[in-house]
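The values are calculated or read from the model by the stated rules, or taken from the named source; none is laboratory data. Every value quoted in this text rests on a predicted model; they were computed, and no experiment measured them. So basically every Cβ, Gly included, is an ideal-geometry build from the backbone, and we count neighbours across all protein chains shown. These accessible areas exclude ligands, DNA and RNA; they are computed on the full protein's heavy atoms, side chains included. Shrake-Rupley method; radii C 1.70, N 1.55, O 1.52, S 1.80 Å.
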Protein chains: 2
Amino acid sequence: MLPVNFITQLGALLPSERLLTDPVDCYAYAYDNSRKIFPPDAVAFPITPLEVQAIVALCNDCEIPLTPRGRGTGTSGGSLPEQGGVALSLERMLRVISVDPANRVIVAEPGVLNQTVQDAAEPYGFFWPPDPSSAAYSSIGGNLATSAGGPHAVKYGTTRDHVLGLKAVTGGGEVIKTGCYTTKGVVGYDLTRLLVGSEGTLAVITEATLKLTPLPQSRSGITAHYRDAGSCASAILRIMALPETPSALEFLDEGSLDLIRGRFPGMLPDDTCAMLMIEVDGLSRYIPEACASVLDACRNVGLIHAEEVADAATLWLARKTLSPLLREIAPRKINEDVVVPVSALPQFLDGLAQLSSKYGIANVNFGHAGNGNIHVNLLVNPDSGDEMDRAENCLNEIFDLVIRLNGTLSGEHGVGSEKRAYISKEIDAPTLALMKEIKRLFDPRNILNPGKLFP
Amino acid sequence: MLPVNFITQLGALLPSERLLTDPVDCYAYAYDNSRKIFPPDAVAFPITPLEVQAIVALCNDCEIPLTPRGRGTGTSGGSLPEQGGVALSLERMLRVISVDPANRVIVAEPGVLNQTVQDAAEPYGFFWPPDPSSAAYSSIGGNLATSAGGPHAVKYGTTRDHVLGLKAVTGGGEVIKTGCYTTKGVVGYDLTRLLVGSEGTLAVITEATLKLTPLPQSRSGITAHYRDAGSCASAILRIMALPETPSALEFLDEGSLDLIRGRFPGMLPDDTCAMLMIEVDGLSRYIPEACASVLDACRNVGLIHAEEVADAATLWLARKTLSPLLREIAPRKINEDVVVPVSALPQFLDGLAQLSSKYGIANVNFGHAGNGNIHVNLLVNPDSGDEMDRAENCLNEIFDLVIRLNGTLSGEHGVGSEKRAYISKEIDAPTLALMKEIKRLFDPRNILNPGKLFP
């Protein structure tokens, strides 16, 4: 419960329609896509950087937890107000401050949706490359907080590669300005990328200068079906060695394919054990040659069939079918987004199969193969204590395997609350200690998203 | 002078052939390409990370300044041992630890030359995009310390975009490991990019995991000559709006062209007031179309002549001629590397002309126009006190103009000692204070490259 005095002061900073304190109202801000529930004691909706600063300063003075929040689409619990306090919803900071095609820049407030940025850039022939599957309804503030990726990251990189500068309010209440407006700049430390991916634990971003990329003239795609995962993995390596990197290189494993075949008989060949969906983009005239190169790289003894599919709907059909099916059969599945070096994919997929059988936990794996970024889904029933215990042990071994293969525990979802128990597997003690000291520097009273990211 | 006791302890860490203390020997490590001279009291040549750690720990214990150094090619004084103490030369940490084409990764020690990385990657069809003009003899440690760029940054980005992870020793003597081995990774704060560009003030990099990029199949180029700088600037904007970004887009102003014409009559048309050199790269079959698009974008009323030049030597001829000429006529010129938004280039070039005439200081300007990154050279005679005073005032106004145009004071050279007096023009007080606190966190006794980067 918040002290009455604090509520009064908070109420003085915002008009009543931009502050929720009734528990029923606050409940809508208690969860995100991690499906955990932690109700905040209040929800504040600032619309200006000055309001953000005033709220942060007040929470800092009173040592009240403050959890910044975009649209709650994160899957790692990064926006959950675990320790109560104030949820700082940035969803009403919606201004696209400037669209500057000559300099390939958009400046926007954190509540602006990813899709809105795309819509603002498109008439000028540009786009903003981060494309999380939530792009239509996730905010750039959230994209920045997690350094969101998506299928196109294999060619275009992730959020951190597409931000030039930020304005932000630190946990200590200081207004800072990082980076610059230009594509080059090396004056001072790179605080921009320190904030990107910091999951709201260091500062609240109030404005972002985003770097745009020219839209490709054309896109096309290829689907390839394999008899075994090993052949599929070899093809991934050959595709990634082409002089032109594909704009997407997505993978579905046998578990994923079985799920689709179970519901949509005939959509996929019966003998496909692994499938690739590959997108290429660029100048229209270059597309046929690019497709030919990819098709050539796809060919090996394990290939059943590969073909060009020019329309995006057909290309992504199997992939789009999968997520709702997964949600249906295992609504509370454990969904990870580990990354291993591309060359370690065969070994990783073997290991997953072994761990699945060892622990009796079905898994379904798919994802951004060109980055080695695999969404590992453990299909569990959370109401079975025994199954959950086995799943936890299985997950622990999966993470150990990832680290042994020189991978990382999260490619795009972030640590949040879901992975903090495991972060020490990846980050050694002195480096973690340094990160904690950086947190203390930005947020001396530990008010910003307290408890997140660290074990 | 170093305490005798310290020298004894330092001597115990390294064999005598890897430690210099004779002032005559040390003098070779007193300067860099900034042409200032500050002799260190000792020069240490570690060859292992453990030796680096031991040297840092000893300097930290004894509070002795320690200035890390690559190959001394920096132009901002970043590697000058201004406060004496120990110069830590990393030039003997020369191991390429692994070349892993399947994962597009090279792991290397900091003393490895940029060119060595290119040579190691090339047989596998890859390259490492940072290409400072010193690439043949600058080390990747130095490239990382300054987030070096080069002409290809317009398409490929700068050093910070091509590093996956680092091992380093902080000023406090802690060994840290940042980032990961994969192209995606969002576990913990992005310390990798905090160290990149920090000019040796936070930690000594002992190992870098570099991300490789597929070599383009082909390159070609175009030169374009303009009657006036305004038309040239318009062409730059049109070229940067093409769906395929050129791999280089370099600019020479009238002062540069006059210098070349003076020495090489006939090399350039007499009426050219501004010139572009544009490189495109990609699949061989795409090159003609790309050249045609660029040629089309070059065309405007101010264009005198534009033509395709397939061989690199011809494309870069004028540019390569320029640097030695500049050094000849003004060996101690003031050389800046400011950046303005591309759309502000015409205004910036006008402003430079006005300031040149106001202060009676000739300037010659050229550089990476696609990034708005212009090398402004003030042709001064440092022996004339009056001229140097005027130049300093002129430079001060140039920096003010850059900031007014929403630019940055350095695109690729860094702050070092040369620009620290000006950094507050760009970075506001709270942000600068935060950077200083980060410095204190990594380097509590201020031993690493003390005095650099901050005013």
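Considering only protein heavy atoms, what is the solvent-accessible area of A:Thr116 at a probe of 1.4 Å, reported in Å² to the nearest 10?
60 Å²
For segment A:27-161, what D do you get in µm² per second when you plug the Kirkwood radius from alpha-carbon pairs into Stokes-Einstein at 10 °C and 1.306 mPa s?
The calculation lands on 102 µm²/s.
In whole Å, how far is the Cα centre of segment B:4-29 from that of segment B:311-334?
39 Å
Cβ neighbours within 10 Å, averaged per peptide: list A:203-215, B:303-315, B:367-379 in order, most packed at the top.
B:367-379, A:203-215, B:303-315
Let me confirm one metric for peptide B:238-247, namely the mean number of other chain beta-carbon atoms within 10 Å of its residues' beta-carbons.
4
Where in chain B are the DSSP H helices whose alpha-carbon span along the long axis reaches 24 Å or more and whose Kyte-Doolittle mean is at least 0.0?
Qualifying helices, which must be both long enough and hydrophobic enough, are B:312-329.
Label segment B:102-153 by shape, choosing from rounded, prolate and oblate, from the square roots a ≥ b ≥ c of the eigenvalues of the Cα gyration tensor; if a/c is under 1.5 it is rounded, and otherwise prolate applies when a/b is larger than b/c, oblate when it is not.
Prolate, because a/c is 1.5 or more and a/b exceeds b/c.
Going 7 Å from Cα along the Cα-Cβ axis for the label, what nanometre distances separate A:Lys320 from the same residue across the other copies?
5.2
Output wanted: per-residue J couplings in Hz (rounded whole) for segment B:420-428, from phi through Karplus 6.51 cos²θ - 1.76 cosθ + 1.60, θ = phi - 60°, x for Gly and Pro.
Those phi angles translate into 4, 5, 9, 4, 5, 5, 9, 9, 6 Hz.
Sort the following peptides by mean Cβ neighbour count (other Cβ atoms within 10 Å, averaged over residues), highest first: B:399-408, B:283-292.
B:399-408, B:283-292
From the backbone phi of segment A:200-206, what are the Karplus-calculated ³J(HN,Hα) couplings (6.51 cos²θ - 1.76 cosθ + 1.60, θ = phi - 60°) in whole Hz, Gly and Pro given as x?
Result, rounded to whole Hz: x, 9, 10, 7, 9, 6, 10.
What does the average come to when, for each residue of peptide A:433-439, you count the partner chain Cβ atoms lying within 10 Å of its Cβ?
5
Taking the Cα centre of each part, how many Å lie between segment A:418-455 and segment A:48-110?
20 Å
Regarding segment B:4-91, what's the average projected area of the Cα-atom convex hull, expressed in nm²?
For segment B:4-91, the mean projected area of the Cα convex hull comes to 5.2 nm².
Would you work out which of A:Pro455, A:Leu401, A:Thr431 lies farthest towards the positive end of the dipole of segment A:379-455, given +1 charges on the beta-carbon of Lys and Arg and -1 on that of Asp and Glu, about the Cα centre?
A:Thr431
B:Thr158: accessible area at probe 1.4 Å, nearest 10 Å²?
The accessible area comes out at roughly 10 Å².
Over segment B:358-433, calculate the relative contact order: mean separation of alpha carbon pairs under 8 Å at least 6 apart, over the residue count, as a percent.
21 percent
Using the C-alpha gyration tensor of segment A:96-214, what are the square roots of 5 times its eigenvalues, in whole angstrom, with the largest one first?
For segment A:96-214, the semi-axes come out at 21, 16, 13 Å.
If every alpha-carbon in chain B counts as one equal scatterer, what log10 I(q)/I(0) does Debye give at q = 0.09, 0.11, 0.14 1/Å?
Reported log10 I(q)/I(0), two decimals: -0.61, -0.91, -1.36.
Considering only protein heavy atoms and a 1.4 Å probe, what is the carbon-and-sulfur percentage of the accessible area of chain B?
52 percent
Quick one: which residues, 5 or more positions from B:Phe127 or on another chain, have an amide H under 5 Å from its amide H? H modelled 1.01 Å from N in the peptide plane, none for Pro or chain starts.
Result for B:Phe127 returns B:Thr213, B:Leu215.
Just tell me how shielded A:189-200 is by partners: mean number of partner chain Cβ atoms within 10 Å of each residue's Cβ, no decimals.
6
Using only alpha carbon pairs under 8 Å that are at least six residues apart, calculate the relative contact order of segment A:227-367 and give it in whole percent.
Relative CO of segment A:227-367 lands at 35 percent.
Give me the percent of Cα-Cα pairs in segment B:330-425 that sit more than 19 Å apart, rounded to a whole number.
Of all Cα-Cα pairs in segment B:330-425, 35 percent lie more than 19 Å apart.
Can you give the helix-only mean residue ellipticity at 222 nm for chain A, where every DSSP H stretch with n ≥ 4 adds -39500 (n - 2.57) and the sum goes over all residues, rounded to the nearest 500 deg cm²/dmol?
After summing the helix terms and dividing by residue count, I get -10500 deg cm²/dmol.
Quick one: which of A:Lys211/B:Lys333; B:Lys184/B:Lys439; A:Lys211/B:Lys452; A:Lys419/A:Lys439; A:Lys36/A:Lys436 span more than 22 angstrom between C-alpha atoms?
Listed pairs above 22 Å: A:Lys211/B:Lys333; B:Lys184/B:Lys439; A:Lys211/B:Lys452; A:Lys36/A:Lys436.
Given label points at 7 Å from Cα along Cα→Cβ, what nm distances, shortest first, separate B:Ala429 from the same residue in every other copy?
Shortest to longest, the spacings are 4.2 nm.
Restricting to Cα pairs below 8 Å that are 6+ residues apart, what does the relative contact order work out to for chain A? Please round to a whole percent.
Worked out over chain A, it gives 16 percent.
Ratio of alpha-carbon Rg to the 2.2 N^0.38 Å globular estimate for the protein assembly as shown, to two decimals, please.
Ratio of Rg to 2.2 N^0.38 Å for the protein assembly as shown: 0.95.
Taking amide H atoms as placed 1.01 Å from N in the peptide plane, list the residues 5 or more away in sequence, or in a different chain, whose amide H sits under 5 Å from that of A:Ala248.
When sequence neighbours closer than 5 places are left aside, the close amide H contacts are A:Glu279.
Check the axis relating chain B to chain A and name the residue of B whose C-beta is nearest, distance in whole Å.
Closest to the rotation axis on chain B: B:Arg193, 2.
Put a point 7 Å out from Cα along the line to Cβ at B:Asn300; what are the distances to that point in the other copies, in nm, shortest first?
Sorted ascending, the copy-to-copy spacings read 5.0 nm.
Identify, among A:Gln115, A:Tyr137, A:Phe127, the residue whose Cα sits farthest towards the positive end of the charge dipole of segment A:62-180, taking +1 on the Cβ of Lys and Arg and -1 on the Cβ of Asp and Glu, with the dipole about the Cα centre.
Result: A:Phe127, furthest along the dipole toward the positive end.
Give the long-range amide H neighbours of B:Leu164: residues separated by 5 or more places, or on another chain, with amide H under 5 Å away, using H modelled in the peptide plane at 1.01 Å from N.
Close amide H contacts, sequence-distant or interchain: B:Thr209, B:Leu210, B:Lys211.
State the antiparallel share, in %, of DSSP beta bridges confined to segment A:4-91, rounding to the nearest 5.
Approximately 30 percent, going by the DSSP bridge assignments.
Provide the percentage of antiparallel DSSP beta bridges, counting only those with both residues in the protein assembly as shown; round to the nearest 5.
Antiparallel: roughly 85 percent of the beta bridges in the protein assembly as shown.
Taking only protein heavy atoms into account and a 1.4 Å probe, give the accessible area per residue of segment A:351-455 in Å².
Solvent-accessible surface per residue comes out at 35 Å².
Do any residues of segment A:322-350 show a loss of at least 20 square angstrom of accessible area between the isolated chain and the full protein assembly, using a 1.4 Å probe, and if so which?
A:Val339, A:Pro341, A:Ser343
Post the alpha-carbon centroid distance, segment B:122-177 to segment A:163-219, in whole angstrom.
Measuring centre to centre over Cα atoms gives 21 Å.
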